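Student: Have a look at this one.
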Amino acid sequence: MLTQYGFILILSIFAFALPTAAVMMGWFLGPRRPDAVKTATYESGVETIGDTWVQFRAQYYLIGLIFLIFDVEVIFLFPIALAYKHLSLFSVVSTITFVVILLLGLLLEWRKGALEWS
Amino acid sequence: MDIIQQLFPLPPIPTLQQAVFIPLALFTAVCALLVVLSPNLFHNALALVGTLFGVAGIYALLEAEFLAISQILVYVWSISTLITFAIMLSRGMMFGATSKTNKQAGTAIDGIVVIGFIGWCNFVSARSKLDVSIAVA
Amino acid sequence: MEIWSSGLTHLLTGLGLPETAAVIIALAIGAFVLANVGPVLALVLILLLRKVISRMQDRIGPNRVGPFGLLQTVADALKLLSKEDIRPANADAVAYFLAPILSVFGVILSLGVMAVAPGWIGVDLNVGVLFLTALGSIGIMSALMAGWSSNNKYALLAGFRVVAQLLSYEIPMVLAMFVPVLLVGSMRLGALSAAQSLTIFGFNTGLGWFGFLMPGAFLIYFISALAEGEQTPFDLLEAESELIAGFHIEYSGMKFAMFFLAQFLNSFFLGAIAVMLFLGGYQGPFVDQIPLLGFVYFVIKAFGVYLLTIWIKGTFPRIRVDQMMAFAWKVLVPLVLALILWQMIALKLPGATLDPVTGDVLQYGFLNYIAVFAGNLVVLGVVSNVLMNHFKREKMRTKRAFEPKSLIGVMQPSSGD
């Protein structure tokens, strides 16, 4: 088991080193002549006005919250799938109830307009 | 000399598992410190993600692989994006530095002195007991 | 994992290395080879995209560098290497540097769990399917970091849009991956591929693909994978022809190349996951006799799915952001949840072979499979109906927009134009 994660660790070291090496090589091979115009914020040749922060819609936060609910649901569902062949009728019925409650929750979100992106 | 070695034994040569654990724990701890100490709010969020990854790595090291994966799925996927969205929605916090202190340095020093004193007392009494036990042995 | 590493370990211990060191070196060699597969593969993928798309658009495509233009992407990579690496004055140095690297990091890591042939798999993790999903979080973080650190309004906006899109389509994608996992009862990608064999008269035809048994789940997975890989018709954050580039607008040189590489590899690997879960993985005729054939099958299938995404890229129009969100949350998620519910019931229908002592299921019966298939057909029908209606409407709208006014009288302004 630990050997498996050891492999993942070693692979992640290489996966990190490879793009780093590529970017570094770009540093050495490419020219470096920054000037004020070149390093200005790119906005199709127009001077940027004000800060980068603009008014964002709260919809993004709502999507994040709904995602959180379903993400946790996924975490609960996968172990059930692994044990599904051994489950008794009672546990199957409780699992189905769990999914149905989530489906009802999605319907509620839908009715309340949380899924509208306008 | 004996007593010093008993009090501060040399670290043993780490096993492979420890050799992985120590950098991982250091990474987690440094990221956790950055969460608190970095003046930039977005850097704090990124360091938090780093901490969560480090903790997931420690779970994997403890052979709790499902826990590690759930940690990444729930915390890195959703909680950290929620945090970033929350930062984004609050104007003026996303860019620029925020102050890390809250003008309570005097209270903090008082607290450190009191807790330090209690800790020192404990340490002294513990050492005296240890001396006794060494002498008995 | 044992299959490929044990031989190497034996060789190294034979040279007189201690056991632990031999294992580590064997693993490191394997990891190095795997990590290098990614960039090389990306060169092939980019060339393939350019060639096929240009054929679709009645062009020839790159044909100057090397025979048939085969070395074009290599030349492009070298060109990008020699480009200046511009860092905007207001950019945040650390996050700006880390973002492109992390994007490649997450993608290459997913190579570690790909089951490419019988026994040929980096590691067959117990949580393989969830591992692949969890890697997506690195992509999200890199998009956020790139968008924020560039200190550009458009980059930041695009970064948050990417996150919203990825979050929305992650749920139907994972739940669609859940459907075959529920049938097999394992998250190991090796086991999932192995379960798709079909033995007839003692001969493994290797055609028991879950794509045949669960076409509905496959369609939902494929659509979500298109959105996750930011492919047409879901590439509205990218929109090469209209917007500039999305969250990596400020990147240049090798850093831009990293984002480019990560995106191509990501869409290819999402296709490869579809192959492992739904299209039989390495399964095919005679794969039991010649394991190398499994690798050939896998590569052919994965490139087939990739060509399908190119085809879609070449033909489909882009959709609007509200349509995209509505499609994920109002069509795909309820449908895939309903499908899971139905499959949970279907797998407990009578007809399965049970263990006489514990009552565990040993082998699902004919009735179970038929019920699963029927539920999937319904889902397939509903999803394709929604898609057909959408594109029919779009076609009407474009037609109306291009017709001269005198022919249709007064144009009615329709909402959302």
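Student: Could you derive backbone 3J(HN,Hα) for segment A:9-17 from the dihedral phi with the Karplus parameters 6.51, -1.76 and 1.60 (θ = phi - 60°), listing whole Hz in sequence and x where the residue is Gly or Pro?
Tutor: Residue by residue, segment A:9-17 yields 4, 5, 4, 5, 4, 5, 5, 7, 5 Hz.
Student: At a 1.4 Å probe, what is the % contribution of carbon and sulfur to the accessible area of segment A:2-112?
Tutor: 72 percent
Student: Please label the shape of the protein assembly as shown as rounded, prolate or oblate, based on the square roots a ≥ b ≥ c of the eigenvalues of the alpha-carbon gyration tensor (a/c under 1.5 means rounded; beyond that, a/b larger than b/c means prolate, else oblate).
Tutor: Rounded.
Student: Still on this model: How would chain A be classified by its alpha-carbon gyration tensor: rounded, prolate or oblate, with rounded meaning a/c under 1.5 and the a/b versus b/c comparison settling the rest?
Tutor: Judged from the Cα gyration tensor, chain A comes out oblate (a/c at least 1.5, b/c at or above a/b).
Student: Still on this structure, I have one more. Hey, what do the phi angles of segment C:86-102 turn into as Karplus ³J(HN,Hα) couplings, whole Hz, using 6.51/-1.76/1.60 and θ = phi - 60°, x for Gly and Pro?
Tutor: So the J values, rounded to whole Hz, are 8, 10, x, 4, 8, 6, 8, 4, 5, 5, 5, 6, 6, 4, x, 5, 5.
Student: Under a point-charge model restricted to the Cβ atoms of Lys and Arg (+1) and Asp and Glu (-1), what is the dipole moment magnitude of chain C relative to its Cα centre, in debye to the nearest 20?
Tutor: In debye, rounded to 20, chain C gives about 1360.
Student: Dipole of the protein assembly as shown, Cα-centred, from +1 at each Lys and Arg C-beta and -1 at each Asp and Glu C-beta, to the nearest 20 debye?
Tutor: 1580 debye
Student: What relative contact order, as a whole-number percentage, does segment C:83-150 give when Cα pairs under 8 Å and 6 or more residues apart are counted?
Tutor: 50 percent.
Student: Moving on to the next point. Averaged over peptide C:162-169, how many Cβ atoms belonging to another chain are found within 10 Å of each residue's Cβ?
Tutor: Per residue, the number of nearby Cβ atoms from other chains is 5 on average.
Student: Skipping prolines and chain starts, which residues have an amide H placed within reach, meaning under 5 Å, of the one on C:L70, given they are 5 or more residues away or on another chain?
Tutor: Placed amide hydrogens put nothing under 5 Å from C:L70.
Student: Now a separate question. If you count only protein heavy atoms with a 1.4 Å probe, what accessible area per residue comes out for chain C, rounded to a whole Å²?
Tutor: About 41 Å² of surface per residue is accessible.
Student: Quote the relative contact order of chain C in percent (integer), defining contacts as alpha-carbon pairs under 8 Å separated by 6+ residues.
Tutor: Relative contact order, chain C: 17 percent.
Student: What does the highest-first list of C:99-111, C:370-382, C:221-233 look like by mean Cβ count within 10 Å?
Tutor: Going by the mean number of other Cβ atoms within 10 Å, highest first, we get C:99-111, C:221-233, C:370-382.
Student: Taking a ≥ b ≥ c as the square roots of the Cα gyration tensor eigenvalues, with a/c under 1.5 meaning rounded and otherwise prolate when a/b beats b/c, else oblate, which class fits segment C:162-259?
Tutor: Prolate shape, in that a/c is at least 1.5 and a/b is the bigger ratio.
Student: Do any residues of segment C:103-128 show a loss of at least 50 square angstrom of accessible area between the isolated chain and the full protein assembly, using a 1.4 Å probe, and if so which?
Tutor: Buried on complex formation: C:F105, C:L109, C:L125, C:V127.
Student: Please tell me which of these pairs span more than 29 angstrom C-alpha to C-alpha: C:K255/C:K313; C:K330/C:K399; C:K83/C:K153; C:K79/C:K301; C:K255/C:K330; C:K301/C:K399?
Tutor: C:K79/C:K301; C:K255/C:K330; C:K301/C:K399
Student: Averaged over C:174-183, how many beta carbons belonging to a partner chain fall within 10 Å of each residue's beta carbon?
Tutor: 4
Student: Along Cα→Cβ, 7 Å out, is where each label goes; now give me the distance between the ones at B:E63 and A:V37 in nm to one decimal.
Tutor: For B:E63 paired with A:V37, the spin-label model returns 6.5 nm.
Student: Okay, next question. Could you check the spin-label model distance between C:V299 and B:I87? Points 7 Å from the Cα along Cα→Cβ, value in nm.
Tutor: Distance between label points: 4.4 nm.
Student: Within segment A:58-96, whose backbone N sits under 12 Å from a point 7 Å along Cα→Cβ of C:V357?
Tutor: Inside the label zone: nothing.
Student: Can I ask one more? Within 10 Å of each Cβ of C:36-45, how many other protein chain Cβ atoms are there on average?
Tutor: Mean inter-chain Cβ contacts per residue within 10 Å come to 1.
Student: Considering only protein heavy atoms and a 1.4 Å probe, what is the carbon-and-sulfur percentage of the accessible area of segment B:2-100?
Tutor: Of the solvent-accessible surface of segment B:2-100, carbon and sulfur hold 76 percent.
Student: Moving to a separate point now. Mean residue ellipticity at 222 nm from the helices of the protein assembly as shown, using -39,500 (n - 2.57) per DSSP H segment of n ≥ 4 over the full residue count, to the nearest 500 deg cm²/dmol?
Tutor: The helix-only estimate for the protein assembly as shown comes to -22500 deg cm²/dmol at 222 nm.
Student: Next up: Could you state how much accessible area is buried at the C-B interface, both sides summed, with a 1.4 Å probe, in Å² to the nearest 100?
Tutor: Interface between C and B: roughly 2100 Å².
Student: Below 21 Å, Cα to Cα, which lysines can C:K348 reach? Residues fewer than 8 away in the same chain don't count.
Tutor: Filter leaves A:K85.
Student: Residue by residue through segment C:129-134, which ³J(HN,Hα) values in whole Hz follow from phi under the Karplus form 6.51 cos²θ - 1.76 cosθ + 1.60 (θ = phi - 60°), with glycine and proline marked x?
Tutor: 5, 5, 4, 4, 5, 5
The values are calculated or read from the model by the stated rules, or taken from the named source; none is laboratory data. Note that this is a predicted model, so its numbers are computed, not measured. Please note: Cβ atoms are built from the backbone with ideal geometry, for glycine as well, and neighbour counts cover all protein chains shown. These accessible areas exclude ligands, DNA and RNA; they are computed on the full protein's heavy atoms, side chains included. Shrake-Rupley method; radii C 1.70, N 1.55, O 1.52, S 1.80 Å.
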